[in-house]
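The values are calculated or read from the model by the stated rules, or taken from the named source; none is laboratory data. All values derive from a computational prediction rather than experimental measurement. Methodologically, a virtual Cβ is constructed for each residue, glycine included, from the backbone with ideal geometry; neighbour enumeration extends over all protein chains shown.
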Amino acid sequence: MKYSSLKVNAKGKEQHTYDAIVIGSGISGGWAAKELCEKGLKTLVLERGRMVEHRKDYPTATKHIWELPYRNRLTHEQIRENPILSRCYAYEQATEHFFVKDKEHPYIQKKPFDWIRGYQVGGKSLLWARWTQRWSDLDFEANAKEGVAIDWPIRYRDIAPWYSYVERFAGISGNRDGLPQIPDGEFLPPMEMNCAEVYFKDQLKTHYTDRHLVISRTANLTRPHLGRGPCQHRDLCYRGCPFGGYFSSNSATLPAAEKTGNLTIRPFSVVHSIIYDEHTQKAKGVRVIDTNTKETTEFFSKIVFLNAATLNSTLVLMNSKSSRFPNGLGNDSGELGHNLMDHNYNARVEATLEGFEDKSPFGKRPTGTYLPRFRNFGQDRQSNFSRGYAYSVGGSRRPGSEQGEAMIGTELKKDLTNLGPWKIEMTGMGECLPYHENKVSLSETEKDDWDMPLLEIDAEYKTNELNMQKDMVDSAIEMLQKANLKDIEEIPMNRNFGLNIHEMGTARMGKDPKTSVLNPYNQVWGCKNVFVTDGSCMTSSACQNPSLTYMAITARAADHAIKELKKQNL
Amino acid sequence: MTTMDRKGFLQQLTLLGGCTLMAPTVLLQSCRVEPRIWSNLSAKDIALLDELGETILPKTDGQPGAKEMEIGKYVVEVVTACLSPEDRDTFLYGLTSIDANSIADFGRPFEDLDEEDRYGILKALQDEAVAFNEKQQGKLEPEIHYFSLLKELVVTGYFTSKTVMTEVFDYHPVPGKYEGCVDFDVAKDKPYKG
């Protein structure tokens, strides 16, 4: 990839001018880069972290566990230095180089909030869970129907062709299940469900009309796709995949953008602010701080895509102050920074399934099964919470049994070298409502090493989320009981807000500049050549994993940007 | 055993010397063998840890034991680098305690016992740990019995070692496919590992 080697702001404006600037190279920034480059725009991608090249920069990708430090176990020093990060399930010796360490980028927690970040080319697209259920109008209409927050400015029909568009490129494995709450898409063949999952699916069908267990639609390739993959079923995705078996910016969108010859990536470039031109009432470029030299450089472009990930995009907007926008770019409504959401995953139940002793799974499937939303949907009405949740469901069979806990010697060894019983584990994934008072703001006193104000985060789950959480546990237990599973056990969960790494909102889309930050095409109200298309744009959270929707929204916004540029509207 | 008890125990051993405090059985052994007190782990503990590991996961027909997997070396490394100071203290107290028990009951340190006596000591501790851990259930800050720590380290080290993963299991680091339900014969087939 082409690097910009500009270190000083002395080469003249021309050399610092592009058609488009994309801030951030993660899952949505990668898409913006690909779409804009392919449409012929000379595009500069600014990334605050280091370069990570596909394959070359995955140092642990093919290491056996016995080759990793401490067999992949974190050291006490790592845990002590990173109390926040070490709560993230994917942080281990094999992946530690892709995560921001707590001390490197501090922030202020008004209430407990675990902010998990990946500052490198590719961002968290290297680390995501790859579950890609579509949203439906159940989600896009919910705010309007309930009078909660503001209405989404788009409906499923607006985004459906863009879901198809991004699915065809990303490569999504899945089954066409015909369920309206998770519309079918453009799928590669699905991965298999195992014995326990098929059994549970059938049991649910026997006992309920509204509970369906499906294989999760997943951005892992079940066949070769556009020169990538297929997935080798190692389930080591978080290390980066040398087979290109899953979708990431590094494996997919950035190489596509690079192929056009229109892409320049500039790592180590943290965006300080977007420069607003009072005369044209548009952005003329961005102010960049080199993270190594701390030198400031300005880059200019016709359009800017802001894809720094939810909270950092909002931070950039807040830090982009002008006399027109004294409270941050696009903040006429006062909503910038507000309505922060995450999902609520604090409901887990495990159980044992008797039978199928003569069957075992083979290989490691990098996904699980999915039990889509059934609450407050169809005929179901709940009195003490609105919206709903889905479950991640996993059947598994591994060596060792409960009895081994009391054994030593040959007895223990025999236990641990033979397969134990089948297990089913269910984790609830609950929607979180957009509350105005769940918010982020800029610290007035504290700054980071690059002179950027620290972010203050102030968010919590409220009654609706907590009532729903109880139902997630109770319903899981009920379903497992009806399916005749044994040793059903609730696993207490106490994940902080943020730790589900689905932080979204804080620069929401809407129809009205008085109540939203972005218009229906993700353009900043009052500064139409700035597009914000990462998680910050979300008006509600639904209960599906959100990244596929960010991709679709980004591709749609990029298409709109190109059309508007052609019409000379930008 | 609470943290307080542990500290008190270590202190007494340190202040008064092992022999004077030991049970009468030890005195009958004429105090030839001094119980040891661990305040850290080093390479010289590998032999003892190898024997403890081998008792927990012994060599059997066709399968190596923990000692052959260099479990002592692994345990020294992980206890030193990965355990919290509290867990490390618990672990070291455990070694001190096992040594004292061994000398009290048999007049010899654990390494010098025969296989049956080693098993007896650790099986008793396993039972103690099960009872101890049961009492911790529902506690806000449950404590862990030192034997559970030792066992967890031995089991993890053993089952992540190359020979065990590749020979005891059906190891396929690049399986290429996932099949949800393949036939599995408990008597013949090795479980899959990736």
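In region A:478-491, the residues that are over 9 Å from residue A:351 (Cβ atoms) and not assigned by TED's automatic domain parsing to the domain that holds residue A:354 form no Cβ pair under 8 Å with any partner that is assigned to a strand (DSSP E or B) and of a type in the set (Lys, Arg), whether six or more places apart or across chains. Across region A:230-244, what is the number of residues that are over 21 Å from residue A:33 (Cβ atoms) and in contact with a Leu (Cβ under 6 Å, 6 or more places away or on another chain)? The total comes to 3. Note on region B:155-171: among residues that are at the interface with chain A (Cβ under 7 Å from one of its Cβ atoms) and not in a helix (DSSP H, G or I), the one that is surrounded by the fewest Cβ atoms within 10 Å (Cβ to Cβ) is B:160. Checking each residue in region B:126-142 for being in contact with a Phe, Trp or Tyr (Cβ under 8 Å, 6 or more places away or on another chain) and more than 8 Å from chain A (Cβ to nearest Cβ) picks out B:128, B:129.
Evaluation of residue B:152 against the conditions (1) within 18 Å of the chain's Cα centre (by Cα); (2) surrounded by 15 or more Cβ atoms within 10 Å (Cβ to Cβ); (3) more than 8 Å from chain A (Cβ to nearest Cβ) shows that the sole unmet condition is (2). In the set B:77, B:51, B:111, B:70, only one residue is at positive phi and out of contact with any Cys (no Cβ under 9 Å at 6 or more places or on another chain); that residue is B:70.
For every residue, the table says whether it meets (1) closer than 22 Å to residue A:238 by Cβ; (2) more than 14 Å from chain B (Cβ to nearest Cβ); (3) touching a strand residue (DSSP E or B) at 6+ places or on another chain (Cβ under 8 Å).
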| position | (1), (2), (3) |
| --- | --- |
| A:36 | no, yes, yes |
| A:52 | yes, yes, yes |
| A:60 | yes, no, no |
| A:107 | no, yes, yes |
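Can you tell me which residue is farthest from the other protein chains (Cβ to nearest Cβ) among those in region A:378-415 that are without any contact (Cβ under 8 Å) to a residue 24 or more places away in the chain and over 30 Å from residue A:365 (Cα atoms)? So, considering only residues that are without any contact (Cβ under 8 Å) to a residue 24 or more places away in the chain and over 30 Å from residue A:365 (Cα atoms), the one farthest from the other protein chains (Cβ to nearest Cβ) is A:381. If you go through region A:438-470 and keep only what is more than 24 Å from residue A:140 (Cβ to Cβ) and acidic (Asp, Glu), you end up with A:444, A:446, A:448, A:449, A:451, A:456, A:458, A:460. Of the residues B:123, B:67, the single one that is buried (at least 16 other Cβ atoms within 10 Å of the Cβ) and within 10 Å of chain A (Cβ to nearest Cβ) is B:123. Among the residues of region B:70-105, those that are more than 14 Å from chain A (Cβ to nearest Cβ) and without any contact (Cβ under 8 Å) to a residue 40 or more places away in the chain comprise B:72, B:101, B:102.
A quick yes/no check of all residues on (1) among the basic types (Lys, Arg); (2) more than 11 Å from chain B (Cβ to nearest Cβ); (3) in a loop (DSSP other than H, G, I, E, B):
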site: A:166; (1), (2), (3): no, yes, no
site: A:179; (1), (2), (3): no, yes, yes
site: A:185; (1), (2), (3): no, yes, yes
site: A:196; (1), (2), (3): no, no, no
site: A:199; (1), (2), (3): no, no, no
site: A:238; (1), (2), (3): no, yes, no
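Residue count for region A:243-279, restricted to those that are of a type outside the set (Phe, Trp, Tyr), buried (at least 21 other Cβ atoms within 10 Å of the Cβ) and assigned to a loop (DSSP other than H, G, I, E, B): 5. Residues in region A:103-118 that are surrounded by fewer than 18 Cβ atoms within 10 Å (Cβ to Cβ) and closer than 16 Å to residue A:48 by Cβ: A:104, A:106. Condition check: touching a residue at least 40 places away in the same chain (Cβ under 8 Å), among the charged types (D, E, K, R), farther than 28 Å from residue A:358 by Cβ and not assigned by TED's automatic domain parsing to the domain that holds residue A:478. Does residue A:228 satisfy that? When the stated conditions are applied, residue A:228 passes them.
The residues on offer are A:127, A:179, A:188, and the sole one that is among the aliphatic types (A, V, I, L, M) and within 30 Å of residue A:269 (Cβ to Cβ) is A:127. Out of the residues in region A:62-78 that are over 20 Å from residue A:241 (Cα atoms) and polar (S, T, N, Q), which is nearest to the other protein chains (Cβ to nearest Cβ)? Residue satisfying both the conditions and the ranking: A:75.
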